[in-house]
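A quick write-up on the structure given underneath.
The values are calculated or read from the model by the stated rules, or taken from the named source; none is laboratory data. Please read all numbers here as calculations on a predicted model, not as lab measurements. As a convention, Cβ positions derive from the backbone with ideal geometry for all residues, glycine included, and neighbour counts pool all protein chains shown.
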Amino acid sequence: MIFEKGKVGDKLSSYIMSVGLNGLKGQVIKVEATVRSDKEQCIIIGLPDATIKESRERILNSLHSLAMDIEMKKITINLSPSDVKKSGTGFDGAMLLAVVQELLKKKLPITDDICIIAALSLDGQLLSFQSLIPTVQQAIQLGFKRIYLPPINTNLFAYVTDIELISFNHIRDIMSHLQGKTSLFTMPLSLPSSTELQPLEHVEEESMEDFSAIRGHEDVKRAMEICAAGGHHLLMSGPPGCGKSLMAHAFHSILPDMTHEEMLEVYSIYQLTSQPRGLSLRPPKRAPHHTTSEGAIQGGGRYPKPGEISLAHRGVLFLDELGHFQRRVIDTLRQPLELGYATVNRVEGSLEFPAAINLITATNPCPCGYAGSSERYCTCSDKQILKYLMKVTGPIIDRIDFVLQMKSTGIFTQSAGESSAAIRVRVTKARNIQRTRYGMNVTNCIVPIKLFEQHMNISSQQLQTVQQVCFEERLSSRSTTKILRLARTIADLTGSEHVADLHLTEAIEWKKKASAIHTAMTRGG
């Protein structure tokens with residue numbers, strides 16, 4: 001919270017507060033205005049972009065519609081802090097009200113725990129804008145106690161109990177409300193027809209496949225269940241047609257529903273990128289083509305926006321034909337896989353976008369796809385195979401929890417498997433256990449190491465076992481931590497508070513298998 005009751009919030013302000021976005025992080029913007037006798041003019045300073053500079057005409061026309069006398073008046077509006085670049089139309093309402101404050105004989109009772117987030121029409125109507133929902137979310141997190149908004153359904157933020165979210169049609173309504181007057185415009189607002197502002201229609205995304213329809217591949221199913229429960233990552237290698245893509249598309253069906261706050265977080269990311277997404281409780285799934293650029297995966301642009309890895313936040317990012325992706329693109333996944341967010345660096349500064357994902361990848365063992373296959377002869381040279389596989393570097397493999405070799409199976413000789421709904425129940429319980437344990441919405445895979453160590457409930461004897469195995473197998477220090485995180489997730493799936501030896505043994509076997517398969521792949525074995 002940035003405000004303390006009885007202190008700053010009780011002091012009347014000569015300025016208007018608003019909120020801007022720096023990436024997906026909120027920035028408190030103080031809007032000041034002065035009006036003095038001079039040639040009629042409106043100037044906006046404080047590093048505004050082109051959209052804010054165009055606000056001058058909207059403000060002047062709105063002042064005329066309010067019958068304010070601005071003849072021979074020079075209006076100067078300052079957006080503070082002045083060394084931070086501002087963009088977007090969300091400051092319109094605050095700028096207009098700051099000017100109105102200077103023109104009124106009796107100041108409006110505005111404290112600095114009140115903020116206004118709205119765009120304007122030419123006659124003073126309050127309008128929605130592209131990044132309204134994430135901006136309101138950040139205003140709530142910054143601690144504002146009353147937030148004035150354009151006509152939106154504030155039930156989107158029903159989980160907030162100690163903050164007033166007030167929607168009005170016109171700037172005149174805000175003035176009346178601040179003065180304690182009853183306005184004809186304070187009647188319940190009619191909502192826009194846009195589906196993006198209707199929170200009660202949670203569209204369920206249809207899953208392409210169900211686990212019960214997939215026969216065989218029991219080891220992959222088990223690995224995917226652990227991945228879904230703890231936010232871990234998986235690489236599948238095998239010849240064409242063995243079921244890699246089928247398994248990857250079915251993975252989404254076992255992911256648990258998002259919470260309301262998570263839904264708004266994901267929805268906010270999509271708003272920043274102007275990509276369509278309904279208010280669905282189902283986690284997102286992204287499957288970019290192998291020709292996708294580094295910037296499109298990581299995020300970027302002149303005015304940086306989230307990339308595919310952030311669009312998959314709280315869901316799954318599926319990279320098919322991993323060997324065909326550029327090596328630089330694959331290497332951009334290093335930081336997000338470990339930390340749960342993606343950093344975009346520019347000359348003006350760095351922006352961070354959330355990227356807590358399940359990475360599911362699939363690759364052929366060679367360019368033609370049939371290296372090591374008993375079905376067809378491989379036509380690739382050793383040099384071609386090595387070049388193809390070395391795109392997936394050791395540091396990336398070290399961050400991937402499961403590396404599995406798949407083979408074609410006789411689908412009619414295998415019995416039907418467990419349904420996705422049944423698996424999702426266990427995964428949801430495991431995720432809830434992690435939220436409760438850590439006191440925050442993180443998974444075992446990306447929870448900060450210090451917090452993980454405090455709650456992992458692993459004995460000293462088990463730690464020595466892991467260290468001995470890693471020494472014998474020549475595994476990295478990161479692999480040691482990966483084994484512990486995997487064991488903790490396996491224990492969560494059983495509802496166990498402590499990690500048992502069988503949980504640790506399974507985690508060790510998964511990591512040893514991953515190391516052995518990767519070694520065999522890169523050596524042509």
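Results for (1) assigned to a helix (DSSP H, G or I); (2) out of contact with any helix residue (DSSP H, G or I) (no Cβ under 6 Å at 6 or more places or on another chain); (3) more than 30 Å from Arg327 (Cβ to Cβ), shown as yes or no for each residue.
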residue	(1), (2), (3)
Lys387	yes, yes, no
Ile397	yes, no, no
Ile423	yes, no, yes
Gln434	yes, yes, yes
Phe452	yes, yes, yes
Asn457	no, yes, yes
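For the stretch 128-148, the condition of being loosely packed, with under 15 Cβ neighbours inside 10 Å, closer than 22 Å to Ile45 by Cα and modelled with pLDDT of 90 or more holds for none of the residues. Looking only at residues in the stretch 489-507 that are more than 11 Å from Ile433 (Cα to Cα) and in contact (Cβ under 8 Å) with a residue 12 or more places away in the chain, the one that is farthest from the chain's Cα centre (by Cα) is Asp501. When each of Ala118, Ala139, Ala158 is tested for being of a type in the set (A, V, I, L, M), within 26 Å of the chain's Cα centre (by Cα) and more than 21 Å from Gly20 (Cα to Cα), the lone residue that passes is Ala158. Contact map, the stretch 16-41: first residue part of a loop (DSSP other than H, G, I, E, B), second residue of a type in the set (Ser, Thr, Tyr), Cβ cut-off under 8 Å, separation 6 or more or different chains; pairs are Leu24/Ser268.
Have a look at Ile110, Ile117 and point out the one that is at pLDDT below 95 and either assigned by TED's automatic domain parsing to the domain that holds Ser176 or touching a strand residue (DSSP E or B) at 6+ places or on another chain (Cβ under 6 Å) (or both). Criteria check complete, one pass: Ile110. Annotation note: of Thr465, Thr494, Thr480, the sole residue that is under 22 Å from Ala228 (Cβ atoms) and polar (S, T, N, Q) is Thr494. Looking only at the stretch 98-115, residues that are under 32 Å from the mean Cα position of the chain (by Cα) and of a type in the set (D, E, K, R) come to 2 in all. Has the stretch 283-292 got any residue that is assigned to a helix (DSSP H, G or I) and in contact (Cβ under 8 Å) with a residue 60 or more places away in the chain? Checked against the condition, which is being assigned to a helix (DSSP H, G or I) and in contact (Cβ under 8 Å) with a residue 60 or more places away in the chain, the stretch 283-292 yields no hits at all. For the stretch 393-445, filtered to residues that are in contact with a Phe, Trp or Tyr (Cβ under 7 Å, 6 or more places away or on another chain) and within 19 Å of Glu209 (Cα to Cα), the residue that is modelled with the highest pLDDT is Ile423.
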